[in-house]
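This report concerns only the one structure given below.
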Amino acid sequence: MRSVLIVTLISLGLAASLALADDRHAISERQMSRVLRQAFPSTPPDWRSRLTPDATMATCAQWGNQPPKEIADAIKRREAAAIRLPDDGNFMGDWRRGEKLAQSGYGLRFTDAEAQRPNGGNCYACHELSPDEVSFGTLGVSLKAYGRTHKFDPQHARVVYEKIYNSQAAVTCSTMPRFGANGILSIDQIKDLVALLMDPESPINKPAAAGQKGKADSKEDAGGDAAKRP
Amino acid sequence: MKRYRRLAMRSALLAGLGFAAVAGDLRAAEPDVIDRGLEAFRSMLKADPWSNPAMLDADRGQALWKERRGPRNVSLERCDLGKGPGVVEGAFAELPRYFRDAGRVMDLETRILWCMETLQGIEPAGLTDKPHPAANEPVKDPGAIATWIASRSQGRTFNAPVSHPREKATLRLGKTMFHRRMGPFDFSCASCHASPGKRIRRQGLAHLVNPDEARQVVGEWPAYRVSTAHVMTLQHRLYDCFWQMRLPELKLGSEASVALTAYLVKQAEGGTIAAPGLKR
């Protein structure tokens with residue numbers, strides 16, 4: 001069984017490289033890295049790795065984010081292995097802190113070089129969550145009433161934790177960042193986001209508060225902190 | 001002078017209207033009401049192009065083009081934007097392109113820097129160190145010149161040449177870059193700009209992989225951006241995207257920035273140039 005899988009993987013890889021080779025002028029990684037070094041001359045040493053996709057991202061780009069099942073499964077296994085679970089086995093933090101994280105787009109930008117506050121998750125940039133927040137993006141699915149929809153199942157809290165920690169373990173080549181695996185958010189922060197989604201007391205599982213609509217509309221823009229743009 | 005006064009008055013009036021709209025009840029309204037209000041605001045501005053504050057920068061750019069500057073004390077009027085020395089009309093519509101004298105493909109902004117360096121003797125480092133304005137600061141000199149030159153292609157359609165091998169290679173590089181996922185967020189340009197009808201927060205995202213949509217938006221750059229109160233050039237826009245993507249500072253005029261511009265212009269091929277445009 002294992003050897004069949006390996007053979008399949010090799011032949012799929014071969015097919016992919018042939019597909020690329022077909023375009024005689026495909027950009028090599030060597031050429032790309034030269035171009036990027038010149039494009040980003042002020043890259044600090046500890047940021048250099050940001051310019052190179054890891055194996056998962058390279059594969060996703062190669063397949064236009066739609067790899068065949070065998071390759072997708074291999075990615076999922078590898079990414080699942082990168083997930084670190086909370087030591088105490090508890091997946092739920094504080095939804096209040098979670099809501100703050102979901103609003104904040106702070107962190108890891110070149111204007112945030114000296115971190116002044118914790119990185120945000122910026123969930124509202126792409127997802128609908130609390131009915132009180134009308135300024136939400138639509139790149140991600142709506143998470144309105146998410147906990148209620150999942151009957152506040154404690155088992156499901158772990159699924160949510162893993163999805164936020166490493167989206168690539170759940171949906172291969174997902175657009176969503178790997179918040180835990182890529183070191184954007186801490187384990188405790190991810191627990192707070194799980195609570196935002198799964199706690200029955202979280203605003204996302206409640207009806208809209210009267211007169212609260214759009215309260216946060218002007219707080220942050222797409223990446224947060226419009227005023228602090230470079 | 002009269003024109004400036006008229007323009008200043010209209011800008012003040014429109015800024016007032018804009019603030020009233022943002023600060024007033026609209027924010028509490030249903031999303032589609034907000035969108036309709038913004039659309040009405042934009043169409044009022046389109047109906048009277050002189051109400052766009054970017055025209056002030058275009059005028060500044062025109063004056064800079066004609067002024068003797070730099071160590072060599074010459075103007076930019078002998079600058080070859082691709083259609084011969086000094087030809088400005090329609091030049092933007094045929095950029096980016098390969099320039100034999102420079103030995104590389106250049107977009108408008110890169111070419112302006114090159115002319116400032118080779119004709120006027122102005123050190124490029126001084127222009128690329130802090131290449132873009134902070135919020136509420138006016139666009140820098142090369143950007144103002146670009147705004148004027150782009151405005152002199154208004155109404156024409158994008159028709160950049162893709163015949164030289166370097167032009168073809170630049171396009172391939174731009175397309176590859178557009179889809180390359182990198183940085184701690186795993187983002188590529190395509191993460192946000194490869195599907196229809198999406199938005200970040202309340203901001204609509206252009207589906208740039210679709211030529212129909214690219215034709216509608218690419219020709220609006222350089223554009224006056226209301227939220228930051230200055231003209232933003234396409235190079236600045238790309239720089240800002242990379243900031244959001246948690247990548248380092250994109251160098252103005254770099255091969256990568258020119259390649260992405262070339263790809264966007266190719267996607268918008270046949271689209272009408274409406275620069276300077278007006279953005280959120």
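The number of residues in region B:261-280 that are out of contact with any strand residue (DSSP E or B) (no Cβ under 6 Å at 6 or more places or on another chain), small (Gly, Ala, Ser) and within 19 Å of B:ASN210 (Cβ to Cβ) comes to 4. Considering region A:39-58 alone, what residues qualify as being charged (D, E, K, R) and surrounded by fewer than 12 Cβ atoms within 10 Å (Cβ to Cβ)? Within region A:39-58, A:ASP46 is the sole residue that qualifies. When region B:121-153 is filtered for residues that are more than 24 Å from B:PRO49 (Cβ to Cβ), in contact with a Gly (Cβ under 6 Å, 6 or more places away or on another chain) and surrounded by 19 or more Cβ atoms within 10 Å (Cβ to Cβ), only B:ILE122 remains. Screening region B:213-223 for residues that are crowded, with 19+ Cβ neighbours inside 10 Å and not in a loop (DSSP other than H, G, I, E, B) and picking the one that is farthest from the chain's Cα centre (by Cα) gives B:GLU213. Pairing each residue of region B:245-268 that is without any contact (Cβ under 8 Å) to a residue 24 or more places away in the chain with any residue that is β-branched (Val, Ile, Thr) and buried (at least 23 other Cβ atoms within 10 Å of the Cβ), provided the two are 6+ apart or on different chains, yields C-beta distances under 9 Å for B:SER254/B:THR110.
Among the residues of region B:154-176 satisfying the criterion of being among the aliphatic types (A, V, I, L, M), within 14 Å of chain A (Cβ to nearest Cβ) and surrounded by fewer than 23 Cβ atoms within 10 Å (Cβ to Cβ), which is nearest to B:GLY86 (Cα to Cα)? Restricting to residues being among the aliphatic types (A, V, I, L, M), within 14 Å of chain A (Cβ to nearest Cβ) and surrounded by fewer than 23 Cβ atoms within 10 Å (Cβ to Cβ), the top hit is B:VAL162. Search region A:58-71 for residues being of a type in the set (A, V, I, L, M, F, W, C) and facing chain B (nearest Cβ under 10 Å), and hand back the single one that is nearest to the chain's Cα centre (by Cα). Filtering region A:58-71 for residues that are of a type in the set (A, V, I, L, M, F, W, C) and facing chain B (nearest Cβ under 10 Å), the one nearest to the chain's Cα centre (by Cα) comes out as A:CYS60. Are any of the residues in region B:216-227 farther than 25 Å from B:ALA134 by Cα and not assigned by TED's automatic domain parsing to the domain that holds B:MET44? So far as region B:216-227 goes, yes, one or more of its residues are farther than 25 Å from B:ALA134 by Cα and not assigned by TED's automatic domain parsing to the domain that holds B:MET44.
Among the residues of region A:72-93, those that are more than 14 Å from chain B (Cβ to nearest Cβ) and out of contact with any helix residue (DSSP H, G or I) (no Cβ under 6 Å at 6 or more places or on another chain) comprise A:ALA72, A:ASP73, A:ALA74, A:ARG77, A:ARG78, A:ALA81, A:ARG84, A:LEU85, A:ASP87, A:ASP88, A:GLY89, A:ASN90. Of all the listed residues (B:LEU264, B:LEU278), the sole one being more than 10 Å from chain A (Cβ to nearest Cβ) and farther than 27 Å from A:VAL134 by Cα is B:LEU264. Selection of region B:192-212 for residues being over 21 Å from the mean Cα position of the chain (by Cα) and at the interface with chain A (Cβ under 7 Å from one of its Cβ atoms) yields B:LYS198, B:ARG201, B:ARG202. Considering (1) more than 22 Å from B:CYS192 (Cβ to Cβ); (2) part of a helix (DSSP H, G or I), the lone condition that A:PRO41 does not fulfil carries the number (2). Scanning region A:115-162 for residues that are closer than 20 Å to A:LYS206 by Cα and assigned to a helix (DSSP H, G or I) returns A:CYS123, A:TYR124, A:TYR146, A:GLY147, A:ARG148, A:THR149, A:PRO154, A:HIS156, A:ALA157, A:VAL160. The set of residues in region B:228-261 being touching a Ser or Thr at 6+ places or on another chain (Cβ under 7 Å), closer than 17 Å to B:LEU208 by Cα and more than 11 Å from chain A (Cβ to nearest Cβ) consists of B:LEU234, B:GLN235.
The values are calculated or read from the model by the stated rules, or taken from the named source; none is laboratory data. Just so it is clear, the structure is predicted and the values come from calculations on it, not from any experiment. Here Cβ is always computed from backbone atoms with ideal geometry, including for glycine, and neighbour counts include all displayed protein chains.
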